[in-house]
Every structure is written in C-alpha cells, then in structure tokens.
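Data block below; observations after.
The values are calculated or read from the model by the stated rules, or taken from the named source; none is laboratory data. Since the structure is predicted, the reported quantities are computational estimates derived from the model, not experimental observations. Using ideal geometry, Cβ is built from the backbone for each residue, glycine included, and neighbour counts are taken over all protein chains shown.
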C-alpha cells in the first residue's frame with residue numbers, strides 16, 4: 001500500500017497468498033487447514049465487519065436523501081462556526097462515543113462523512129477520523145478489548161483496566177493537537193490550542209478516573225459525553241480566532257489528483273433552524289446512542305446474544321491454540337441480532353420511517369451502497385483471511401516472541417505487540433487474544449505483569465489507524481475507492497510517533513520516574 005501504491009484489494013489478496021504459502025511451507029500448516037481458516041477469515045470479514053460498515057454508511061445516506069443532513073450541518077454551526085473546533089467535537093468526542101457503543105469501524109465511517117459535511121476535504125476528513133479513532137479503542141465496544149486482555153492473561157480486569165486507561169489518558173494530551181495539525185497545520189494549533197488542551201484534559205481525566213472503577217466498561221461513554229458538555233460550556237467563554245479563514249484551508253484537497261478541485265462550502269444558514277428541525281436532524285444519532293445503550297444493558301445483551309448461532313467450521317476441528325486448547329476459529333458464531341451492524345440497520349430503518357423515506361428509496365440506497373463497497377468487501381475479507389492464517393499458523397506469535405526477547409528492556413516495547421496485533425487483525429480485541437498471554441508470561445519472568453498486559457492493550461489503539469481494514473473503511477466512507485495507499489502514507493508517521501510516546505510511558509512506568517501512574 002505505502003511503497004508500491006497498489007490498490008488495497010490487490011495488496012490484500014497478494015499478502016494473504018504470501019501468508020498462505022509461508023504457513024504451509026515454513027510453519028507446516030496442513031494445506032486444507034490453511035485454506036479452511038482463510039475462508040473462515042473471509043466470511044468473518046464480510047460478517048460482521050463489512051455488515052457494520054455497510055449499515056453505518058446506509059444510515060448516513062438515508063439522512064442525505066431525506067434532506068435532513070443539511071439541517072444537521074447547520075446545527076453543528078450553532079455550536080461553533082470554526083471547522084477545527086467542530087472537527088475536535090465530531091471526530092474526537094462523538095467518535096469516541098461511537099467507538100464505545102459500536103466499534104468495528106463504524107466511528108470512522110460516520111465521523112468522516114460528518115466532517116465532509118462541515119467543509120473538510122475528503123482525504124483530510126478520513127485522516128482526521130482515523131487519527132481520532134485511537135484514544136477510545138482500548139475501551140471500545142463497551143470495554144471488550146481490555147476485558148479480553150485481562151481474561152487472556154489470567155488477571156482480574158480491575159488490575160488491567162486502570163493501567164490501559166491511564167496510558168490512554170496521557171495520550172489524550174497529545175492527540176487533539178495532532179488533530180489540529182492535520183486539520184489546519186501550525187495555524188490550527190496556534191489559534192485553537194486552548195480548546196484542544198481543554199478537551200484533552202477533560203477526556204483524559206475522566207478516562208483516568210472511570211477506568212479504575214467497576215464502571216470501567218463505560219469509560220469512553222462518560223469521557224465522550226462529559227467532554228462534549230464541558231467543551232460547549234467552554235465555548236461560551238472562549239471564542240477561537242481565524243475560523244472563517246480556516247474554512248478554505250480545511251477544504252483544500254490533500255491530493256488533488258484523487259479528490260479533484262476543492263468544493264466551495266457555503267456558509268451555514270442557521271436563521272431558519274427551529275427546535276423541531278434541530279431535533280429531527282439529531283434523530284439518527286440520538287437513536288444510535290439509545291439503541292446501543294439499551295443493547296448494552298446486561299439483561300438485553302444476554303437476550304440478544306442468546307439468539308447467536310454457533311457452528312463448527314469445516315476443516316478446523318483439530319485446530320489448537322499454543323496453550324493446547326481448541327482455537328476460537330474452530331467455530332463460527334452468526335450473531336445475526338446482537339451484531340452492531342444489525343443494530344445500525346435497525347436505526348437506518350427507523351430513521352427512514354421517521355423521515356418518511358419510501359421503502360423503494362430506503363432499500364434502493366442499501367443496494368447502491370453494496371455496489372459501491374464491492375472492492376472494500378474484497379479488501380476487508382482478504383485482510384481478515386490474512387490475519388486468520390498468520391494467527392493460526394503461528395506467524396503472528398513468532399513476531400511476538402521475537403519482540404519479547406528484549407529482556408529487561410521489554411516494558412519499553414510492550415505496546416509494540418498490541419500495535420502489530422491490531423495492525424494485522426484490525427481489532428484491539430483480537431490483538432489482545434493473540435498477545436496478552438505472552439505479555440503475562442514475560443511479566444512472570446521480569447516482573448510488571450499487570451503493566452505489560454495493560455500496555456499491550458493500550459498499544460493496540462495506535463495500530464488501529466493503519467490497519468488495512470480501517471483504511472478500506474475510511475476510503476469507502478469518503479467515496480474515493482483506491483485511496484487507501486494515500487491515506488496510509490498520511491497517517492503512518494502519526495501512528496509511529498504515538499507508538500513511541502506510548503512505549504516511553506510504558507517503559508518509564510516500570511521505573512521510579514513514572515511508577516506513580518500505576519494503581
């Protein structure tokens with residue numbers, strides 16, 4: 001993607017083929033098993049991952065064809081007429097809320113199109129959405145990644161969640177400034193640093209506190225909601241300068257060949273907005289919050305997951321983990337009702353009914369998006385197939401074992417395992433399944449067991465933005481097929497910088513310098 005600038009679906013299929021050959025020829029994986037786990041990965045990539053992406057974009061498109069999205073854009077400008085401030089609120093705060101409730105790429109898809117609506121160029125919107133979708137990942141999907149990290153390592157979640165939360169809380173002090181740099185360069189930082197600092201401090205402080213309580217799984221929900229409310233109050237006493245001058249800059253294409261000429265954005269007209277129009281414009285996102293919040297209630301969640309259908313996957317009945325237990329890939333769970341994509345589909349239908357969109361237009365838009373996302377489906381399916389083959393054959397573990405050879409210096413590189421795992425699999429949860437037991441084993445040898453597991457889970461958040469899955473989702477959301485390589489080159493340096501930052505925090509936390517951040 002980055003060096004040869006291949007199209008994402010070609011790069012994905014080629015990489016899977018290389019991993020398949022290595023699995024069979026070097027790691028002695030039976031051909032039939034390697035093919036079976038590849039097909040399993042392909043199917044998992046289509047459902048639930050592509051299904052979630054498809055329904056997230058479908059929900060957005062329903063608001064567009066109904067004409068209500070223009071009102072939403074105008075509503076944003078009631079908060080501030082500065083696109084950089086709106087970028088922080090949409091990508092960082094609202095995106096964090098979506099990650100907490102849904103995850104699986106939905107925050108990137110939804111916030112990218114929202115940013116375009118307030119005047120961002122397509123690629124700038126994608127890069128902003130990906131960079132913002134870092135901080136909340138460890139506690140995304142109602143705390144699932146950090147819970148899995150603790151379970152896999154054989155530790156109580158109360159020992160791991162505060163460490164991941166505090167490392168990511170410190171990350172909150174950095175990411176808003178990087179977002180301002182992406183949105184508007186040095187002027188963005190110079191003119192909007194107070195709101196960036198304020199949001200970062202509030203978001204981070206809430207993460208620091210809540211992640212250490214029994215409500216750790218609601219960490220991102222509390223952080224997102226409180227930071228939005230605090231930011232709106234802050235904007236009543238502080239007004240950024242240079243907002244109007246920034247409008248053409250945030251709308252300037254990052255790659256004119258891909259994006260074409262900048263599209264002039266007309267100033268938002270808020271004079272005709274009434275309370276009812278504002279409420280109707282917010283309906284889709286109120287429904288997203290309501291539906292996912294209800295689905296997260298333990299009794300409701302249990303009822304939904306009770307409808308899951310689990311079947312053995314042909315050809316993988318003998319597949320084992322390194323611990324000698326049956327691999328989770330030996331079965332496939334069809335979560336047809338509890339899946340976030342299905343919940344987003346429900347929201348899309350409800351929005352269509354409320355906005356009085358005809359069934360023909362409603363489901364016609366769904367089919368139009370299926371056609372539009374066909375190459376993204378190939379990309380995501382092949383990348384997940386790649387992840388399954390690398391994981392089940394032992395290739396990903398080999399990378400982890402190699403890094404674990406760092407010895408006493410290991411706390412400084414512990415986040416790298418999470419970074420690699422999330423990059424390969426596209427999921428911090430999957431990365432924790434792969435590496436948390438290894439982190440715990442190294443911790444048994446050199447000490448700092450809880451720190452290593454928590455740092456690994458935190459490290460995965462900065463690998464999310466460069467995952468081919470995330471790149472394909474972002475490219476599809478902005479409607480520029482084949483832009484994955486351009487997006488990767490734009491975000492890769494940020495990912496490395498944030499990884500180095502997290503490695504320093506993790507390493508120094510194992511010394512008296514930052515040991516005070518540990519619970």
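Consider the stretch 183-196 and keep the residues that are surrounded by fewer than 23 Cβ atoms within 10 Å (Cβ to Cβ) and touching a residue at least 24 places away in the same chain (Cβ under 8 Å). The one that is farthest from residue 220 (Cα to Cα) is 187.
Per-residue answers, yes or no, for (1) closer than 27 Å to residue 476 by Cα; (2) touching a helix residue (DSSP H, G or I) at 6+ places or on another chain (Cβ under 8 Å); (3) in contact (Cβ under 8 Å) with a residue 12 or more places away in the chain; (4) crowded, with 24+ Cβ neighbours inside 10 Å:
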site	(1), (2), (3), (4)
364	yes, no, no, no
390	yes, yes, yes, yes
397	no, yes, yes, no
402	no, no, no, no
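Annotation: of all residues in the stretch 319-332 being over 26 Å from the mean Cα position of the chain (by Cα) and in a loop (DSSP other than H, G, I, E, B), the one that is surrounded by the fewest Cβ atoms within 10 Å (Cβ to Cβ) is 324.
Within the set 88, 101, 144, the sole residue that is surrounded by fewer than 24 Cβ atoms within 10 Å (Cβ to Cβ) and over 13 Å from residue 474 (Cβ atoms) turns out to be 144.
Within the group 134, 111, 128, which residue is without any contact (Cβ under 8 Å) to a residue 24 or more places away in the chain, within 21 Å of residue 463 (Cβ to Cβ), under 17 Å from the mean Cα position of the chain (by Cα) and buried (at least 24 other Cβ atoms within 10 Å of the Cβ)? Answer to the check: 111. Do we have residue 28 as surrounded by fewer than 24 Cβ atoms within 10 Å (Cβ to Cβ) and either within 13 Å of the chain's Cα centre (by Cα) or modelled with pLDDT of 85 or more (or both) here? Criteria met by residue 28. Contact annotation: residue pairs with Cβ atoms under 8 Å, 6 or more positions apart or on different chains, pairing a residue in the stretch 254-274 that is on the phi > 0 side of the Ramachandran plot and at pLDDT 70 or above with a partner that is outside any helix (DSSP H, G or I) and surrounded by fewer than 17 Cβ atoms within 10 Å (Cβ to Cβ), are 260/253. When the test is whether a residue is closer than 25 Å to residue 246 by Cβ, surrounded by fewer than 24 Cβ atoms within 10 Å (Cβ to Cβ) and in contact with a helix residue (DSSP H, G or I) (Cβ under 7 Å, 6 or more places away or on another chain), residue 117 passes it.
Take residue 316 and decide whether it is in contact with a helix residue (DSSP H, G or I) (Cβ under 9 Å, 6 or more places away or on another chain), at pLDDT 90 or above and in a loop (DSSP other than H, G, I, E, B). Criteria met by residue 316. Here residue 384 clears all of (1) within 29 Å of residue 35 (Cβ to Cβ); (2) in contact with a helix residue (DSSP H, G or I) (Cβ under 7 Å, 6 or more places away or on another chain); (3) modelled with pLDDT of 90 or more except the condition numbered (3). Among the residues of the stretch 34-54, is there at least one that is touching a residue at least 24 places away in the same chain (Cβ under 8 Å) and farther than 28 Å from residue 342 by Cβ? Taking every residue of the stretch 34-54 in turn, at least one turns out to be touching a residue at least 24 places away in the same chain (Cβ under 8 Å) and farther than 28 Å from residue 342 by Cβ. Does residue 443 fit the bill of being over 21 Å from the mean Cα position of the chain (by Cα), closer than 21 Å to residue 322 by Cα, at pLDDT 85 or above and assigned to a helix (DSSP H, G or I)? Yes. The residues of the stretch 226-238 that are surrounded by fewer than 17 Cβ atoms within 10 Å (Cβ to Cβ) and touching a residue at least 60 places away in the same chain (Cβ under 8 Å) amount to a single one, 232. Per the listing 54, 35, 72, 42, the residue uniquely surrounded by fewer than 24 Cβ atoms within 10 Å (Cβ to Cβ), farther than 30 Å from residue 202 by Cβ and under 25 Å from the mean Cα position of the chain (by Cα) is 42.
Against the condition under 30 Å from residue 150 (Cβ atoms) and surrounded by fewer than 16 Cβ atoms within 10 Å (Cβ to Cβ), how does residue 173 come out, does it pass? Criteria met by residue 173. With respect to the conditions (1) under 30 Å from residue 25 (Cα atoms); (2) touching a residue at least 12 places away in the same chain (Cβ under 8 Å); (3) surrounded by fewer than 24 Cβ atoms within 10 Å (Cβ to Cβ), residue 442 falls short on a single one, namely (3). The set of residues from the stretch 191-222 being at pLDDT below 95 and within 15 Å of residue 89 (Cα to Cα) comprises 220, 221, 222.
Matching residues to (1) buried (at least 24 other Cβ atoms within 10 Å of the Cβ); (2) closer than 23 Å to residue 115 by Cα; (3) modelled with pLDDT of 90 or more; (4) under 14 Å from the mean Cα position of the chain (by Cα):
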site	(1), (2), (3), (4)
405	no, no, no, no
414	yes, no, yes, no
432	yes, no, no, no
437	no, no, no, no
461	yes, yes, yes, yes
482	no, yes, no, no
486	no, yes, yes, no
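In the set (1) outside any helix (DSSP H, G or I); (2) at pLDDT 90 or above; (3) in contact with a helix residue (DSSP H, G or I) (Cβ under 7 Å, 6 or more places away or on another chain), residue 512 fails one condition alone, (3). The requirement of being within 26 Å of residue 63 (Cβ to Cβ) and in a loop (DSSP other than H, G, I, E, B) is not satisfied by residue 279. Across the stretch 306-318, the qualifying residues are those that are closer than 20 Å to residue 48 by Cα and exposed (fewer than 14 other Cβ atoms within 10 Å of the Cβ), and the one among them that is nearest to the chain's Cα centre (by Cα) is 308.
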